[in-house]
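Read the figures in this text as sums done on the coordinates, not as results from a lab. Keep in mind it's a predicted model, so treat the numbers as computed, not measured.
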Amino acid sequence: MTLLTFRFAPSPNGELHLGHAYSALLNQRMGARAGGRLLLRIEDIDTARCTPEFEAGIFRDLEWLGLDWERPVRRQSEHFAEYRAVLDRLIADELVYPAFMSRGEIRAFIAETGGRDWPRDPDGVPLYPPLDKALPAKERKRRIAENMPFAWRLDVAAAMAGATGALSFAEFTDEMMSATRTVEAMPRAWGDVIVARRDIPTSYHLAVVVDDALQGVSHVVRGHDLYPATGVQRLLQELLGLPAPRYFHHRLILGPDGRKLSKSFKDTGLAALRDAGVSPQDVKRLVGL
């Protein structure tokens with residue numbers, strides 16, 4: 001019998017806060033209830049912002065909380081060759097294209113054509129204009145040969161046409177995993193998302209589906225802020241022939257002002273709480289566990 005597999009996958013680009021604690025502890029609890037295993041994955045493809053110091057802090061914080069996970073830990077930065085191989089498949093199948101427009105060029109194009117009516121993704125970012133998708137192959141090669149900056153974007157229309165399976169996913173309705181509902185995936189809402197960059201052969205979306213498949217992750221338990229992203233990841237899973245985990249997108253831990261906790265805003269970190277004498281049991285109470 002195959003063990004159910006859960007994972008907690010933080011990025012070492014800042015200190016863990018109460019929101020991370022809730023997600024990590026919830027993965028541990030749900031995994032234990034199911035008699036499953038818990039993995040820790042370090043999602044450090046952003047080599048500019050992720051540091052060994054932050055990674056060491058993650059281990060300290062999680063050990064302090066009482067988490068235990070299987071070894072060895074998978075670090076995404078050590079597996080770029082695997083992501084590159086998958087990206088090459090998408091390139092060969094003509095499901096991605098090089099996108100050359102800078103943020104300034106995107107803003108200028110939208111201002112000239114669509115303005116405020118231009119469609120936006122679930123995060124409120126304008127969808128990528130269709131200009132680069134229409135470039136002739138010769139022009140694409142010329143720009144790449146001249147070292148013009150670009151990112152590989154998924155041609156969502158072509159990808160949707162090439163997906164043979166049902167673009168839906170099973171979502172647990174509560175922390176007890178007592179019931180699931182079938183949710184329709186909506187990757188078109190994101191437009192032609194970035195799946196890799198020229199210098200880094202992957203993106204969050206691509207790396208996470210590859211990792212989950214390679215690690216045999218059966219249950220993805222993560223914050224509700226990532227719920228819309230599941231549509232893109234389900235599409236990639238279908239295109240690459242990867243299994244689809246079951247999902248539970250949990251509530252977010254909010255600050256006193258009602259906004260989501262964030263590393264960038266220096267919200268209450270676990271290290272600071274520990275230094276202030278807060279116990280792991282106190283943390284569990286603070287996050288409702």
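Observations, loosely collected:
- Straight-line cross-link partners of Lys260 among the lysines, defined as a Cα under 26 Å from its Cα and at least 8 positions apart when in the same chain: Lys284.
- Zero-based 10 Å bins, Cα pair distances in the chain, whole percents: 6, 25, 33, 24, 10, 2, 0
- Here the mean projected area of the convex hull built on the C-alpha positions of the stretch 171-246 is 5.6 nm².
- DSSP beta bridges in the stretch 1-151 [antiparallel fraction, %, rounded to 5]: 20
- Whole-Hz Karplus values for the stretch 282-289 come out as 4, 4, 4, 5, 4, 9, x, 10 Hz, taken residue by residue from phi with 6.51 cos²θ - 1.76 cosθ + 1.60 and θ = phi - 60°; glycine and proline positions read x.
- For His17, distant residues with modelled amide H under 5 Å away: Leu270
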